[in-house]
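What follows is one structure encoded as structure tokens, with my remarks underneath.
The values are calculated or read from the model by the stated rules, or taken from the named source; none is laboratory data. Everything quoted here is computed from the prediction, not taken from an experiment. Note that each Cβ is placed from the backbone with ideal geometry, even for glycine, and that neighbours are counted across all protein chains shown. The accessibility values were calculated without ligands, DNA or RNA, using every heavy atom of the protein model including side chains. Shrake-Rupley method; radii C 1.70, N 1.55, O 1.52, S 1.80 Å.
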Amino acid sequence: MKKYTYPLLALLLGAAGACARAWQLSTAFEADTGLLTPNAPATRMLLGVAILAVCLTLGCALSCAGKRADCRAAVGAASPALRGLMALPALGYLLAGAMLVGEQLPYLPARASTLLALYLPLLLGVVLVVSGAGLLTILRKPDPGQWKPGTLAMVAMLPGFACCLMLVYLYHENANNPVVAAFAWPELAMVAAILAWYRLARFAFQPEGCALPCWFCLLAMALQLTVLPDEWGMPFRLVLVSNLLWFGLHLGQMLGSMTDAPSGEEPPAEQDGGPLPPQEQE
């Protein structure tokens, strides 16, 4: 497998998805009712791009079966220029969180009657800021030996928690919207981002198999690009672009450090609660 073929194809599919999504938003909804027009060409094109993205990511996952990587070592060995690029998503999270908090503060007294409307955007903004700071700390200290046990994994998962809050926020803002197609795609993008953050956070424990991380990173990249035309404000777009850049850079590092599992050794076992401890894998 050529290392960068799949990421480039994911970007191309994401760009096609963004064009289809922009076309859908401008033509596939009725002006009077806001309902989705049945059998709109833009909607069919968007679904077709999504199906191709799933096929692409499955193909990459199958091609990476039996391979494993250690993203921690790859990040620690990255060049200063690459580490500088990796800092951009962290700065994007910081800026998105600061903007969201700044947008909400002037309206707190007027919105105090609704508890969720009062605290959810603020909590999301704070978590985004903390996540950005955590990503910068990980780049500064990529060696797990520099962290207390469990702390690195918790910090690595913070952006995934921020995306989870973003998912709740998007649903809350559209709770009364009967047109699911109007907000389903951004929520799918957030779900893919959550899964990709989770898979990358597992590298905080140990090297692991590459199939699922590559699958989720590629799918998240395509979906982050697809929903960029949605009008959710600058903080949302900053999170999308930050996710896209982080997943793309880490996917490149993963593919670059990917090796065959040693003879007679399976890639690290997986379970719902996380990777098995080394003594249990033996």
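For A133, the stated conditions hold: it is out of contact with any strand residue (DSSP E or B) (no Cβ under 8 Å at 6 or more places or on another chain) and under 20 Å from G102 (Cα atoms).
Could you look through segment 142-163, keep only residues that are at pLDDT below 90 and among the aliphatic types (A, V, I, L, M), and pick out the one that is farthest from A189 (Cα to Cα)? Looking at residues that are at pLDDT below 90 and among the aliphatic types (A, V, I, L, M), I get L152. Among the criteria (1) under 25 Å from R68 (Cβ atoms); (2) open to solvent by 20 Å² or more (accessible area, probe 1.4 Å); (3) at pLDDT below 85, the one L195 does not fulfil is (3). Among the residues of segment 147-166, is any surrounded by fewer than 17 Cβ atoms within 10 Å (Cβ to Cβ) and under 30 Å from R44 (Cα atoms)? Within segment 147-166, none of the residues are surrounded by fewer than 17 Cβ atoms within 10 Å (Cβ to Cβ) and under 30 Å from R44 (Cα atoms).
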